[in-house]
Amino acid sequence: MGEEKYVYGFPLVMMDVTREVVTAVWKAGEYAAPINQFARIRTYVNPNFQNVVRISVNSLWSFGFVDLDQEPMIVTVPDAGGECPGQC
């Protein structure tokens, strides 16, 4: 039973720690952004990066945390042009 609780609970705790670390800034930067703002990591992550859960070092990342406590958020994404592969 303890193993099941760990398997279920640990990812939730680590995601919350990650959220607290990457949103503890006043404006978006290289590896962090405030709540309700998106951040883009425009280069590959340094293998020594240890602020949060280890992320893939061979991928480019965009992320954001939204606060839905008071109201829903509307996210709009501009048309990137071209055709959409698969189902859109």
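Mind giving me the nanometre distance, one decimal, between the label points for Leu68 and Leu12, set 7 Å out from Cα along Cα→Cβ?
That separation, rounded to one decimal, is 1.6 nm.
Of Val21, Gly2, Ile35, which is farthest on the positive side of the dipole of the chain, counting Cα position, with +1 on Lys and Arg Cβ, -1 on Asp and Glu Cβ, and the Cα centre as origin?
Checking the options against the dipole of the chain, the answer is Val21.
Once fully extended, how much extra length lies between Glu4 and Trp26, figured as 0.36 nm per residue of separation less the alpha-carbon to alpha-carbon distance?
Gain on extension, Glu4 to Trp26, equals 4.2 nm.
Determine, for each peptide in 56-62, 75-81, the mean count of other beta carbons within 10 angstrom over its residues, then list the peptides with the highest first.
Top to bottom by mean Cβ count within 10 Å: 56-62, 75-81.
Just one of [x] 193; [y] 120; [z] 108 is volume of the Cα convex hull per residue in Å³ as worked out from the coordinates here. Which one is it?
Step by step, volume of the Cα convex hull per residue in Å³ for this structure corresponds to label [x].
Compute the FRET efficiency between Asn36 and Asn58 as 1/(1 + (r/R0)^6), taking r as their Cβ-Cβ distance and R0 = 35 Å, and round to the nearest 0.05.
Approximately 0.75, to the nearest 0.05.
Compute, for the chain, the length of the dipole vector about the Cα centre, with Cβ point charges of +1 (Lys, Arg) and -1 (Asp, Glu) only. Units Debye, rounded to 20.
Rounded to the nearest 20 debye, it is 380 debye.
Taken together, the values in this text are just the output of simple stated rules run on the coordinates, not laboratory data. Owing to the predicted nature of the structure, the values given are computational and were not obtained by experimental measurement. A quick note on method: Cβ atoms are made from the backbone with ideal geometry, for glycine too, and the neighbour counts reach across all protein chains shown.
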